Amino acid sequence: MQNSISNRGVALLKLVALSTAVALLSQAAIADTYQKGQHIEPAFEGWRPLDDGSFNMMFGYMNVNWAEEPNVQIGEDNMFSPGEADRGQPTRFLPRRNRFTFEVNVPSDWGDRELVWTLDVNGKERKAYGTLKPDYLVDNMVIASETGSLGAGTSSPESRANIPPVMTVQGDQIRTVQAGQPLSLQTNVADDGLPTPTDPVQEAINFAEFAGGPLAVAFVTAENVAARRLSSPPIKVTVQKVNGLFLSWNVYRGEGKVTFDPPQPKPWEDTRTSANSPWGALWLPPAVPEDGMYDVSVTFDEPGTYTLWGRADDGGLYHDDYITVNVTE
């Protein structure tokens, strides 16, 4: 009897210790996740050569915050060196990891110099160092792999044949609109259809046919596939992105609140289940307009000068364009 009580006591102590450990781990995980008040890590993503002999250095960033979108004006807190401080970098920073956000051109004789991007956000200064070292050479396969279009260490003839979509903004590159009045944006996006858009239902059908034949396929429906996806968290050994064409407009420079209608897919790695992001667990590519023309209404709450950044993304590769909007009272 005494041994039984002793054993129960040991088991209880073990359970308490395990619960404490889980609680501590959970608190540590929460402590590493922030809504606001944290810094931004600028990131050098690599470089690629251009036909004229010059090079483009590619930069992105990691905004540690989940909600805060800091505005950091060009100057001591947001600058490049050597040379011009303004190299086309954003001044409005979206949450979390943003890869291959912009490119800086350097001449053919750049050599072994470093191009340094300095960001000082919420009192913490960080730097990214761009270099033309061979290890940082980037091609389309590197972009597709780094953004999660491919599985870890994999490729395919389809992914190697993929070319970036082409977006063409209709109308002037510089616009004027009053605060509170909607601005209409029309953008044509042309794509080669690669990589094949992710289709969970078709994937389930293919697997059922392979594993169980036509009878198994008969049990595959969109409803039960959706239910399975809701109840089965995805297994990810690396960042994983849903393939499929989409267009996303966002604020690149400008301090006021800007509303996009319809809401735009996020170009940043929001992995939450309900996220309107290609990295979200349940996200699916939106329907592509038959004529390739995307209509977006943009409303600015405050006067000022804004740069809007459009990104057409097929899952693996992307094409960017920008427009300037002068917002009056």
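Couple of notes before you dig in:
- Matching residues, the range 191-219, being part of a helix (DSSP H, G or I) and not hydrophobic (A, V, I, L, M, F, W, C): 200, 202, 203, 206, 209, 212, 214
- Reported count of residues in the range 257-303, each being modelled with pLDDT under 95 and within 20 Å of residue 179 (Cα to Cα), is 0.
- Residue in the range 90-107 that is touching a residue at least 12 places away in the same chain (Cβ under 8 Å), in a loop (DSSP other than H, G, I, E, B) and either in contact with a helix residue (DSSP H, G or I) (Cβ under 6 Å, 6 or more places away or on another chain) or among the acidic types (Asp, Glu) (or both) present: no
- Restricting attention to the range 147-204, the residues being at pLDDT 95 or above, surrounded by 14 or more Cβ atoms within 10 Å (Cβ to Cβ) and among the small types (Gly, Ala, Ser) number 1.
- Scanning the range 100-124 for residues that are within 24 Å of residue 313 (Cβ to Cβ) and either among the hydrophobic types (A, V, I, L, M, F, W, C) or surrounded by 17 or more Cβ atoms within 10 Å (Cβ to Cβ) (or both) yields 100, 101, 102, 103, 104, 117.
- Residue pairs whose Cβ atoms lie under 9 Å apart, separated by 6 or more positions or on different chains, with the first residue in the range 279-293 and on the phi > 0 side of the Ramachandran plot and the second of a type in the set (Gly, Ala, Ser), are 292/190.
- Checking each residue in the range 170-205 for being among the β-branched types (Val, Ile, Thr) and within 21 Å of the chain's Cα centre (by Cα) picks out 187, 189, 196, 198.
- Checked against (1) crowded, with 16+ Cβ neighbours inside 10 Å; (2) hydroxyl-bearing (Ser, Thr, Tyr); (3) assigned to a loop (DSSP other than H, G, I, E, B), residue 273 meets all criteria but (1).
- Qualifying residue in the range 310-329 (condition: closer than 29 Å to residue 145 by Cα, touching a residue at least 40 places away in the same chain (Cβ under 8 Å), surrounded by fewer than 16 Cβ atoms within 10 Å (Cβ to Cβ) and in contact with a Pro (Cβ under 8 Å, 6 or more places away or on another chain)): no
- Pairs, first under 11 Å from residue 104 (Cβ atoms) in the range 52-64, second of a type in the set (Ser, Thr, Tyr) and part of a strand (DSSP E or B), C-beta under 9 Å, six or more apart: 58/101; 59/101
- The range 87-99, residues that are surrounded by fewer than 19 Cβ atoms within 10 Å (Cβ to Cβ) and of a type in the set (Phe, Trp, Tyr): none
The values are calculated or read from the model by the stated rules, or taken from the named source; none is laboratory data. What you see is a predicted model, and the numbers here were worked out from it, not measured in a lab. Methodologically, a virtual Cβ is constructed for each residue, glycine included, from the backbone with ideal geometry; neighbour enumeration extends over all protein chains shown.
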